[in-house]
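> Dropping a structure here in structure tokens format, bear with me for questions.
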């Protein structure tokens, strides 16, 4: 499986999420879109049930770089991907997220740590008080890539 360190964009990280879930849980789905938005800081992302969308809080990853950013991005996308597979219970999805991270990256990895702490651990009180005036949704192009060489 490709290493998270070599991922260059949202699509690379999401491809790794999908492979990890397939390996650990044997589950898979296609046809998802990623939207970036200015969400409240206590919301990492959400999946409107019954849609093919994941909406990610662009503000939450601001300031995180390198492996820290990719680890948090991986766990957030993994969590929401599990919701797109039909899992609604938050506690169950958090446990499943951690299980997938442990099995694919190991207990001492930055990804397992991100699954435990979430992206909020390094934020200040002021970060939570800042409110963006608009959601300002932006579609991420080339997010989900077909697993095979044919065009969908």
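The values are calculated or read from the model by the stated rules, or taken from the named source; none is laboratory data. Since this is a predicted model, take the numbers as computed values, not measurements. Positions of Cβ are generated from backbone atoms using ideal geometry, with glycine treated the same way; all protein chains shown enter the neighbour counts.
> Could you list, in sequence order, the residues of segment 24-60 that are assigned to a loop (DSSP other than H, G, I, E, B), free of Cβ contacts under 8 Å to residues at least 40 places away in the same chain and touching a strand residue (DSSP E or B) at 6+ places or on another chain (Cβ under 7 Å)?
Those that are assigned to a loop (DSSP other than H, G, I, E, B), free of Cβ contacts under 8 Å to residues at least 40 places away in the same chain and touching a strand residue (DSSP E or B) at 6+ places or on another chain (Cβ under 7 Å): 43, 47, 52.
> Follow-up question, since we're still on this one. Are any of the residues in segment 46-55 touching a helix residue (DSSP H, G or I) at 6+ places or on another chain (Cβ under 7 Å) and closer than 14 Å to residue 118 by Cβ?
Checked against the condition, which is being touching a helix residue (DSSP H, G or I) at 6+ places or on another chain (Cβ under 7 Å) and closer than 14 Å to residue 118 by Cβ, segment 46-55 yields no hits at all.
> Return the residues of segment 109-128 that are farther than 19 Å from residue 70 by Cα and either modelled with pLDDT of 70 or more or surrounded by 13 or more Cβ atoms within 10 Å (Cβ to Cβ) (or both); say none if nothing qualifies.
124, 125, 126, 127 - these are the residues of segment 109-128 that are farther than 19 Å from residue 70 by Cα and either modelled with pLDDT of 70 or more or surrounded by 13 or more Cβ atoms within 10 Å (Cβ to Cβ) (or both).
> Also, quick follow-up: What's the number of the only condition in (1) under 18 Å from residue 121 (Cβ atoms); (2) touching a helix residue (DSSP H, G or I) at 6+ places or on another chain (Cβ under 8 Å) that residue 59 fails to meet?
Status for residue 59: all satisfied but (2).
> Any residue in segment 136-148 that's on the phi < 0 side of the Ramachandran plot and surrounded by fewer than 10 Cβ atoms within 10 Å (Cβ to Cβ): show its pairings with residues that are in a loop (DSSP other than H, G, I, E, B) and modelled with pLDDT under 90 at Cβ separation under 6 Å, as long as the two are six or more apart or on different chains.
Cβ pairs passing all conditions: 146/152.
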